[in-house]
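Heads up: the structure comes next, in structure tokens.
The values are calculated or read from the model by the stated rules, or taken from the named source; none is laboratory data. Please read all numbers here as calculations on a predicted model, not as lab measurements. All Cβ positions, even for glycine, are placed from backbone atoms using ideal geometry, and neighbour counts span all protein chains on display. Keep in mind that these areas ignore ligands, DNA and RNA; they rest on the heavy atoms of the full protein, side chains included. Shrake-Rupley method; radii C 1.70, N 1.55, O 1.52, S 1.80 Å.
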Amino acid sequence: MKGQKNGQMSAKESVAVTMRTLRLLCHIYPGAIISRIAQIIWNALTPYVGIWFSARIISELAGERNPAELRNLVLLALFSAAVISLIGGLLGRWSDAENSRTWFADNYLFVDKNLRMDFVQLDNPETQNLLSVIQANRNSGGWGIQRLMWSLDNLVSSVFSTLGGVALVISFFTSRVPERAGSWRVLDNPVFLVLLVAAMIGIPCLSSALGNKVGKYYASSAANHRLSNNLFSWFSFKGHDRTAAGDMRMYRIDKLCMKYSTDKTGLFDSQGYFAKLARGKVGLLNIMSNVVIRMFMMLVYLYVCLKAWTGAFGVGEITQYIGALSNITSSMGNFLRIWGDIRNNAPFLKQMFEYLDLPNDMYQGSLTTEKRTDGDYEVEFRNVSFRYPGADAYALRNISLKFRVGEHLAVVGCNGSGKTTFIKLLCRLYDPTEGEILLNGIDIRKYDYQQYMAIFSVVFQDFKLFPYTIAQNVAAAGQYDIERVKDCLQKAGFGERLAEMKEGADTYLTRQRNDNGVDISGGEAQKIAIARALYKDAPFVLLDEPTAALDPLAEAEVYARFHSIVGGRTAVYISHRLSSCRFCDKILVFSEGRIVQQGAHDGLLQEENGVYAKLWNAQAQYYAE
């Protein structure tokens, strides 16, 4: 799987992926789209009300100067301005309220996909790399949904601004130069009108084409932009990171940070790539784009003023026609620039859908998995083999074993021997490449996926706690049984630390999130993670290196209370510390993806040339009595 390159897509592809994204946006936050469009249309059309009133007032001042007529026009202009401002404010408030949620909705697309995605796909480094690129492009250049939202704003504004302007200039084309103007009547020649309309279309096209070339430079530089933005952000703010303070001070990493913060040759700096573009091609294109528009507007001013001078219309209409023609020209140019921006943004939308469209091939099952009150479960691995996607070698090979509820198993072996893969297969984070795993004689793939996962409590080696209260972390919910939370924390060995906290289990983790929060050690975090596994009250408890972050005394405490912690549940331990194996009924010894030994601690030690005995003897000095 490879991410879409930032090359230009065909117009048809660009429209297709853009329309698909718009349908998606209307689905995930319709209120934001409707309110946004309503506000944009209102803001695009209402300026013409002021232009129209200004033209009427100026005409009256240049003509009869009727006080009553002037008073009425001024009062109507003021009243309309107040109404426009009031409605605009209400629309703005509505739009702000709706759009404040769009960033979260945008993120939710990826969060929801991650939760629904097959874990084997999510665990794939290429998948994570694609997601990282998408997020970096969004954060650096706004590419993707956010850029499309900006384009949508400008697109709708341009269309309605053009329509409003056309409504005000129709009379300009129908106004005739009077006969008394003599030879100046040539201004009514259709050739002039055709040339004006052609220029109104052609000049914005030319200006936009030049502007779109500028956009292509930035789109094609997305990869460099992303890298530079990441480097700048990382090194600019690393000095605030308390966890890096020791290394920063000992090795003067600040000097390296300064390189990326002050280097003038960086992408965004005065001698960098974008600065060179601004002084070269991009700067020239921007100048040319603005010059052609300004030259056209000079000709428009001249033509309108000449027709007014010859008597085709009054002086007040000069304001109306020039304002309307100016808005039409800029709106048409903006519309065409948006089209270029949409095409430049389309590859990033396609890249987003490349991620969102990743297939979920894992069968979800339909059979009910009950949380049996009698705890009568039997798990069997039958000739199970597993190979990671894209890998040549098997991570596990021909694994066959049975265990029943209440048994305590230890899984040991060197790094890369297949221990963690075994646990992930048991939880059905992965499906076997070959063979089958049975629960009470039924292939686990036939069980409802979510219900099957509910019978497992797992403490992964790289477990995560969240910046909520301790109780919320243990219960993994906003509503919980506080006494049960405390009991689980006590069983996990966190009771004494909890008693020291003024707010008890309602204490927030990390002071960065809450003034009354606490910072905890790695060992304390591990105890909270164990308590979370106990709170779930699942019949299977799987612990991947459950005491890795504990000191020897805390580790001894956990093992001394091993049976009270686990109770009658089936417990499967992955551990490098073989001292934990003495507390287990059966030990599974993995080597190169196979179970090479299994049995009780004393029996395995009798096999002096076995893997277990070698591992035990290598560590014996740490737990010799």
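Brief remarks on what is shown
- Selection status of residue 412, over 22 Å from residue 537 (Cα atoms), of a type in the set (Val, Ile, Thr) and surrounded by 16 or more Cβ atoms within 10 Å (Cβ to Cβ): yes
- Residue in region 385-406 that is hydroxyl-bearing (Ser, Thr, Tyr), open to solvent by less than 10 Å² (accessible area, probe 1.4 Å) and under 21 Å from residue 121 (Cα atoms) present: yes
- Across region 581-595, the qualifying residues are those that are surrounded by 17 or more Cβ atoms within 10 Å (Cβ to Cβ), of a type outside the set (Val, Ile, Thr) and in contact with a helix residue (DSSP H, G or I) (Cβ under 6 Å, 6 or more places away or on another chain), and the one among them that is nearest to residue 493 (Cα to Cα) is 583.
- Unmet criterion (only one of (1) open to solvent by 50 Å² or more (accessible area, probe 1.4 Å); (2) at pLDDT 90 or above; (3) assigned to a strand (DSSP E or B); (4) of a type outside the set (S, T, N, Q)) for residue 381: (1)
- Test: residue in region 334-344 that is surrounded by fewer than 22 Cβ atoms within 10 Å (Cβ to Cβ), under 29 Å from residue 134 (Cα atoms) and without any contact (Cβ under 8 Å) to a residue 60 or more places away in the chain: no
- Within region 117-157, the set of residues being of a type outside the set (A, V, I, L, M, F, W, C), farther than 25 Å from residue 425 by Cα and open to solvent by 30 Å² or more (accessible area, probe 1.4 Å) comprises 132, 135, 138, 139, 146, 147, 153, 154, 157.
- Residue in region 102-110 that is modelled with pLDDT of 85 or more and within 14 Å of the chain's Cα centre (by Cα) present: yes
- Selection of region 303-341 for residues being outside any helix (DSSP H, G or I) and in contact with a Pro (Cβ under 9 Å, 6 or more places away or on another chain) yields 310, 311, 312.
Listed here are the residues, each with its yes/no results for (1) under 23 Å from residue 323 (Cβ atoms); (2) hydroxyl-bearing (Ser, Thr, Tyr).
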{"position": "65", "(1), (2)": "yes, no"}
{"position": "69", "(1), (2)": "yes, no"}
{"position": "74", "(1), (2)": "yes, no"}
{"position": "81", "(1), (2)": "yes, no"}
{"position": "95", "(1), (2)": "no, yes"}
{"position": "99", "(1), (2)": "no, no"}
{"position": "123", "(1), (2)": "no, no"}
{"position": "129", "(1), (2)": "no, no"}
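- Complete set of residues in region 394-420 that are part of a loop (DSSP other than H, G, I, E, B) and under 38 Å from the mean Cα position of the chain (by Cα): 394, 395, 414, 415, 416, 417, 418
- Residue 20 assigned to a helix (DSSP H, G or I), at pLDDT 90 or above and open to solvent by 40 Å² or more (accessible area, probe 1.4 Å): yes
- Residue within region 443-452 that is assigned to a loop (DSSP other than H, G, I, E, B) and not acidic (Asp, Glu) present: no
- The listed residue being surrounded by fewer than 17 Cβ atoms within 10 Å (Cβ to Cβ) and either of a type in the set (A, V, I, L, M) or under 23 Å from residue 156 (Cβ atoms) (or both), out of 73, 86: 86
- Test result for residue 362, among the aliphatic types (A, V, I, L, M), surrounded by 14 or more Cβ atoms within 10 Å (Cβ to Cβ) and assigned to a loop (DSSP other than H, G, I, E, B): yes
- Residues that are open to solvent by 50 Å² or more (accessible area, probe 1.4 Å) and either under 23 Å from residue 391 (Cα atoms) or in contact with a strand residue (DSSP E or B) (Cβ under 8 Å, 6 or more places away or on another chain) (or both) within region 421-453 comprise 433, 434, 436, 440, 441, 442, 445, 446, listed in sequence order.
- Meets criteria (assigned to a loop (DSSP other than H, G, I, E, B), hydrophobic (A, V, I, L, M, F, W, C) and either within 27 Å of residue 599 (Cβ to Cβ) or within 31 Å of the chain's Cα centre (by Cα) (or both)) for residue 391: yes
Residue by residue, here is whether (1) at pLDDT below 75; (2) over 18 Å from residue 399 (Cβ atoms); (3) open to solvent by 50 Å² or more (accessible area, probe 1.4 Å); (4) part of a strand (DSSP E or B) holds:
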residue	(1), (2), (3), (4)
546	yes, yes, no, no
553	yes, yes, yes, no
573	no, no, no, yes
597	no, no, no, yes
620	yes, yes, no, no
625	yes, yes, yes, no
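- Matching residues in region 54-65 - criterion: being surrounded by 12 or more Cβ atoms within 10 Å (Cβ to Cβ) and not in a helix (DSSP H, G or I): 63
- Considering residues of region 276-302 that are open to solvent by less than 20 Å² (accessible area, probe 1.4 Å) and within 23 Å of residue 54 (Cβ to Cβ) only, the residue modelled with the highest pLDDT: 300
- Any hit, region 472-493, residues being of a type in the set (A, V, I, L, M, F, W, C), closer than 28 Å to residue 616 by Cβ, open to solvent by less than 10 Å² (accessible area, probe 1.4 Å) and modelled with pLDDT under 90: yes
- For residue 96, the conditions (1) over 22 Å from residue 431 (Cα atoms); (2) charged (D, E, K, R); (3) open to solvent by less than 50 Å² (accessible area, probe 1.4 Å) are fulfilled apart from (3).
- Complete set of residues in region 163-185 that are among the charged types (D, E, K, R) and assigned to a helix (DSSP H, G or I): 179, 180, 185
- Pair list, Cβ under 8 Å, 6 or more apart: region 62-84 residue at pLDDT below 90 and of a type in the set (Gly, Ala, Ser), other residue open to solvent by less than 80 Å² (accessible area, probe 1.4 Å) and not in a helix (DSSP H, G or I): 62/314; 63/314
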